[in-house]
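These notes are about the structure you will find just below.
The values are calculated or read from the model by the stated rules, or taken from the named source; none is laboratory data. Quantities reported herein were computed from a predicted structural model and do not represent experimental measurements. All Cβ positions, glycine included, derive from the backbone under ideal geometry; neighbour counts span all protein chains shown. The accessibility values were calculated without ligands, DNA or RNA, using every heavy atom of the protein model including side chains. Shrake-Rupley method; radii C 1.70, N 1.55, O 1.52, S 1.80 Å.
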Amino acid sequence: MKFLQLVSLVAPLAIASRLDRRGKIVYDGYKIFRVATGNDVAAFEAHIESLEAIDLTHNHGHVEGEHFDIAVPPESLPAFEALNFTSEILSEDLGADIALEGELAKYSRLDATSAAALPDPSWFTAYHAYDDHLTFLKDIQSSFSSNSELITAGKTFEDRDIQGIHLWGSGGKDSKPAIYFHGNVHAREWISSKVVEYIIYQLVANYDNDTTIKGFVDDYDFYILPIVNPDGFLYTQTNDRLWRKNRQTRSGTTAVGTDVNRNWPYKWDGEGSSTSPGSETYRGAAAGDTPENTGIRTLGDQLAAKNGIKLYIDWHSYGQYILTPYGYSCSAATSNQDKQDLLAKSLATAIAKPYGTRFTAGQTCATLYATAGGSNDYVTDVNKAEYGWAIELRDTGRNGFTLPANQILPASTEIWEGLKFLFANF
Ligand SMILES: [Zn+2]
């Protein structure tokens, strides 16, 4: 009897996810903590696993000190507190934060009677279902039909098209260097597709009535893919709001998903990605072995071969960072590094103008953390992009991935103000 009691005391926690009636994970009662971990990262990762906590982000802290943001389930709160780490509470209740995102809204056009009308601007005051994102793109394209086309960049693991839009100006299709944007490679970073769609909207809606904006579209071919990980994005809407990776299954493991942004076939084998299939930063079994990476990489390779890539931005959240190369090394520098860093800092200044939101600009590894197999290193060195960046959008942790719907418009507006400066000055 004594022996049995002992066993039950040391048995690992087994927390059954609570599901709502549609089968979606309920996060009510989860608290989010920012935890200062000291140097023993591996030991802390083991704690995350035993607490069945969710690893939201890990900042190696060249700016703010080493820390993890983790979501701790209610059952594990006493065990977490007993560990006695220095921590601050970012959110008292993740479930309440998710509720603040609001219901997925209904899609509508500016003019409901015309198939060629722009989407209604209310698109930027709520979140929407995946299919509506596709309708949004289709309608934008129809409203700008002589200067745009819908594009696809291959297929996902679950056989969906990776969709996007190509915009061009007075020089005609594919006559200028490319500006290439990816949103939502990480499924839970919903604000990233909204901001990218806002950029498309501004370029298209103002082409005919604003000479500055017309100038941008005349000077560059824009290739914009708001959701490059649609399988994962859909899964965040149907099953798990905090899903990050793609939905790829592999033999020999029950773990699902590869981090498409640790899978690029350049500097793939290094610090800043995981070899463990269950990890949020699982890099895959071989470099470039996710279908999503193959699709978006092939498109980038084609753009590089055509007229070159002027600017690449991989849009993420959260943290408010503008990240220049490199992720794979904290000491390597590009041939135009000074120019890149100066421009990134000026972009941060321009972004701050509307609402005072502060973005930190700097090299990925030295500013935030090491990454291996990340997009901006590949696009910089293999595709020879002039600027190969990643931007982490709002916020700095209070709402994290679940940014309230009433922040979509300000988060988009400040980025657009920043980009107008960037396009005019690089
Ligand atoms: Zn991300």
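List of remarks:
- Ordered by 1.4 Å accessible area with all protein chains kept, Arg188, Arg247 run largest first as Arg247, Arg188.
- Distance from the alpha carbon centroid of the stretch 228-283 to that of the stretch 133-182 works out to 25 angstrom.
- 5 angstrom amide H check on Asp93, placed H, neighbours 5+ away: Ile32
- Of all DSSP beta bridges confined to the chain, the antiparallel ones make up roughly 60%.
- If only the Cβ of Lys and Arg carry +1 and only the Cβ of Asp and Glu carry -1, the dipole of the chain around its Cα centre is close to 360 debye.
- Area of Phe423 that stays accessible when all protein chains are in place (1.4 Å probe, Å², to 10): 10 Å²
- Evaluating 6.51 cos²θ - 1.76 cosθ + 1.60 at θ = phi - 60° for every residue in the stretch 82-87, the Karplus couplings come out as 5, 6, 6, 6, 6, 8 Hz, glycine and proline recorded as x.
- Pairwise centroid distance, computed over Cα atoms, of the stretch 54-93 with the stretch 378-425, Å: 25 Å
- Membrane-span-like helices in the chain (whole DSSP H runs, Cα extent of at least 24 Å along the helix axis, mean Kyte-Doolittle hydropathy of at least 0.0): 408-425.
- Of the residues Ser91, His133, Val35, the one whose Cα sits farthest toward the positive end of the charge dipole of the chain, with +1 on the Cβ of Lys and Arg and -1 on the Cβ of Asp and Glu, is His133.
- Distance between modelled label sites at Lys138 and Ala285, nm, 7 Å Cα→Cβ extension: 3.6 nm
- The GluC sites (Glu not before Pro) found in the stretch 96-189 that occupy coil by DSSP, while having at most 10 further C-beta atoms within 10 Å, are Glu103.
- In the elastic network of the chain, a GNM with C-alpha springs shorter than 10 Å, the most mobile of Ala187, Ala411, Ala116 is Ala116.
- At q = 0.17 Å⁻¹, base-10 log of I(q)/I(0) for the stretch 68-176 (Debye sum, equal scatterers on each alpha carbon): -0.92
- In this structure the amide hydrogen of Tyr127, modeled in the peptide plane, comes within under 5 Å of the amide hydrogens of Ala105, none closer than 5 places in sequence on its chain.
- Heavy-atom accessible surface of Asp28, to the nearest 10 Å², is about 90 Å², with a 1.4 Å probe and all protein chains retained.
- Percent of alpha-carbon pairs separated by more than 25 Å within the stretch 210-358: 43 percent
- Among Gly356, Gly257, Gly154: highest mean-square fluctuation, GNM of the chain, C-alpha pairs under 10 Å: Gly356
- A straight Cα-to-Cα reach below 21 Å connects Lys384 with the lysines Lys176, Lys267, Lys306, Lys310, Lys339, residues fewer than 8 places away in its own chain not being considered.
- Accessible surface of the chain [probe 1.4 Å, protein heavy atoms]: carbon and sulfur percent: 51 percent
- With kT/(6 pi eta Rh) evaluated at 10 °C and eta = 1.306 mPa s, and Rh the Kirkwood radius from Cα pairs, the chain diffuses with a coefficient of 72 µm²/s according to Stokes-Einstein.
- Glu49, Glu75, reordered so the largest accessible area comes first (probe 1.4 Å): Glu49, Glu75
- P(r) tail fraction, the stretch 12-110 - alpha-carbon pairs more than 19 Å apart, %: 47 percent
- Accessible surface, the stretch 273-419, averaged per residue in Å² (probe 1.4 Å): 32 Å²
- Summarising the amide proton neighbourhood of Tyr312: residues at separation of 5 or more, or on other chains, whose placed amide H is nearer than 5 Å comprise Tyr180, Tyr387, Gly388, Trp389.
- Separation of the alpha carbons by more than 22 angstrom is noted, of Lys214/Lys345; Lys194/Lys420; Lys245/Lys345; Lys24/Lys245; Lys155/Lys214, for Lys214/Lys345; Lys245/Lys345; Lys155/Lys214.
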